[in-house]
């Protein structure tokens, strides 16, 4: 198992490398190339991947707590069942990524591109998705309790059976979303766009609507 703790690999070409179960705690990989790189079950706690390119990389079941991916390219990356508590993905591009059953508690997705991402059964309590692009993403049975989705674009997203209780969805675009059986208890939908949304059997107790479209 490669031990690369706190190593400086910034700007390096690591495309296609096998880093299965690698120890990369505190490593600096900012600006590095990691296309199709295998980081399955790697320990990457506190590492820096700012502006790195990780297209089609494999990070399934990886430990990524407090890791930074600011402005990184993670399109089509697989992060199934990974631990991503308090990770910084602000301004990152994760279009088409697979985050099935990931732990995303208190993650920062501010202004990130999360279109067509699979968030099925993900735990996203307290996550910051302010102004994030979430067009066509799948949140089936995901837990977003207390998440910040102010001005987020969720057009056409699937939120069926998702837990959106006490989320902040002020000015969010929820047009054409599937909210069937979703829990919106106490959610703030002030000035949100709900045009064409499916709210059949949704739980709406205590919802703040205040002129939603």
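Those residues that are buried (at least 24 other Cβ atoms within 10 Å of the Cβ) and under 19 Å from residue 161 (Cα atoms), I need them from the stretch 108-128; list them, please.
Initial filter on the stretch 108-128 (buried (at least 24 other Cβ atoms within 10 Å of the Cβ)): 109, 112, 114, 117, 119, 122, 124, 127.
Hits for the stretch 108-128 are 117, 119, 122, 124, 127.
Here's the yes/no breakdown for (1) out of contact with any strand residue (DSSP E or B) (no Cβ under 7 Å at 6 or more places or on another chain); (2) assigned by TED's automatic domain parsing to the domain that holds residue 140:
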site	(1), (2)
51	yes, no
84	no, no
89	no, no
110	no, yes
119	no, yes
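Is there a residue in the stretch 36-51 that is surrounded by fewer than 17 Cβ atoms within 10 Å (Cβ to Cβ), over 16 Å from residue 89 (Cβ atoms) and in contact (Cβ under 8 Å) with a residue 12 or more places away in the chain? Yes, the stretch 36-51 has at least one match.
Let's see how each residue does on (1) farther than 22 Å from residue 116 by Cα; (2) outside the structural domain of residue 119 (by TED's automatic domain parsing); (3) touching a strand residue (DSSP E or B) at 6+ places or on another chain (Cβ under 7 Å):
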{"site": "167", "(1), (2), (3)": "no, no, no"}
{"site": "178", "(1), (2), (3)": "no, no, yes"}
{"site": "193", "(1), (2), (3)": "no, no, yes"}
{"site": "196", "(1), (2), (3)": "no, no, no"}
{"site": "199", "(1), (2), (3)": "no, no, no"}
{"site": "204", "(1), (2), (3)": "yes, no, no"}
{"site": "210", "(1), (2), (3)": "yes, no, no"}
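The values are calculated or read from the model by the stated rules, or taken from the named source; none is laboratory data. All of these numbers come straight from a predicted model, not from anything done at the bench. Virtual Cβ from ideal backbone geometry, glycine too; neighbours counted across all protein chains shown.
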